[in-house]
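The values are calculated or read from the model by the stated rules, or taken from the named source; none is laboratory data. Keep in mind the model is a prediction, meaning the values are calculated, not measured. Here the Cβ is made from the backbone with ideal geometry for all residues, glycine too, and neighbour counts use every protein chain on show. With ligands, DNA and RNA removed, areas are computed over all heavy atoms of the protein, side chains included. Shrake-Rupley method; radii C 1.70, N 1.55, O 1.52, S 1.80 Å.
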Amino acid sequence: MATTKIDICARALVMIGASPITSFTDGTTESTVASNLYEDTIKNMLSSYRWRFASKQAQLSRLTDAPDHKWDSAYQLPSELVGLHGVFVNDMPIRFERYGDMVFNDAVSTDKVYADYTYYDTTLSNPEAFFPPYFIFSAELTLASIFAYAVAQNADLSNSLEAKANRQLAIAKNIDAQQRTSSRLRVTRFNNTRNSSGASNIEGIVE
């Protein structure tokens, strides 16, 4: 059975000697703290690194209203996005700048604009189902360090668990970084620039 957010919080609470929860609404201090801190903690962890398991691509929708200055066009970012990593036309990265839930660039209306990003989709019934074991354990330790202070009010335990969480996070990043081929320059993609009106804004890409 896939891990859920309740499972992650329950195991984190056990790490500090507190009672595990079975829901976020059981009225206990543990469930109140967990329900208030869980989602923000996970989003912060996901946005702090380009996790391969939480990476996604999507074509962006061009907005009718253009930016007031500096850029020529605006595109809507996906609602589940927690970290933007690149914007592309014809498989090549272009210059961009994020403004709120939009991304500005100089693409023209005929360009198909795509984004690479990290996501956390809260519309799914169980977004944690896609979390690999190395990230789940990192999340449990990170939450335990927070719960140790918020629930157990034990600063020493909180600091100890935070140190363990940081070590596990480094291990998790190393494992996750292996989920792709070695970086290389994709020279053949430069041939696509002739098909894009935004060629002057294209930057090199290393994958």
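Overview of values
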read-out: Pick from segment 67-82, criterion among the polar types (S, T, N, Q) and assigned to a strand (DSSP E or B), ranking: surrounded by the fewest Cβ atoms within 10 Å (Cβ to Cβ); value: Gln76
read-out: Pick from segment 94-106, criterion over 18 Å from the mean Cα position of the chain (by Cα) and not in a strand (DSSP E or B), ranking: farthest from Tyr75 (Cα to Cα); value: Arg95
read-out: From the options Ser145, Ser196, Ser200, Ser158, residue that is modelled with pLDDT under 55, of a type in the set (Gly, Ala, Ser), out of contact with any strand residue (DSSP E or B) (no Cβ under 8 Å at 6 or more places or on another chain) and surrounded by 10 or more Cβ atoms within 10 Å (Cβ to Cβ); value: Ser200
read-out: Which listed residue is at pLDDT 95 or above, touching a helix residue (DSSP H, G or I) at 6+ places or on another chain (Cβ under 7 Å) and surrounded by fewer than 14 Cβ atoms within 10 Å (Cβ to Cβ), from Thr41, Thr64, Thr4, Thr22; value: Thr22
read-out: Filter result for Ser138 (closer than 17 Å to Ile42 by Cα and not in a strand (DSSP E or B)); value: yes
read-out: Segment 83-93, residues that are assigned to a strand (DSSP E or B) and open to solvent by 30 Å² or more (accessible area, probe 1.4 Å); value: Leu84, His85, Phe88
read-out: Subset of segment 96-114 [crowded, with 20+ Cβ neighbours inside 10 Å, among the hydrophobic types (A, V, I, L, M, F, W, C) and under 15 Å from Asp65 (Cα atoms)]; value: Val103, Phe104, Ala107
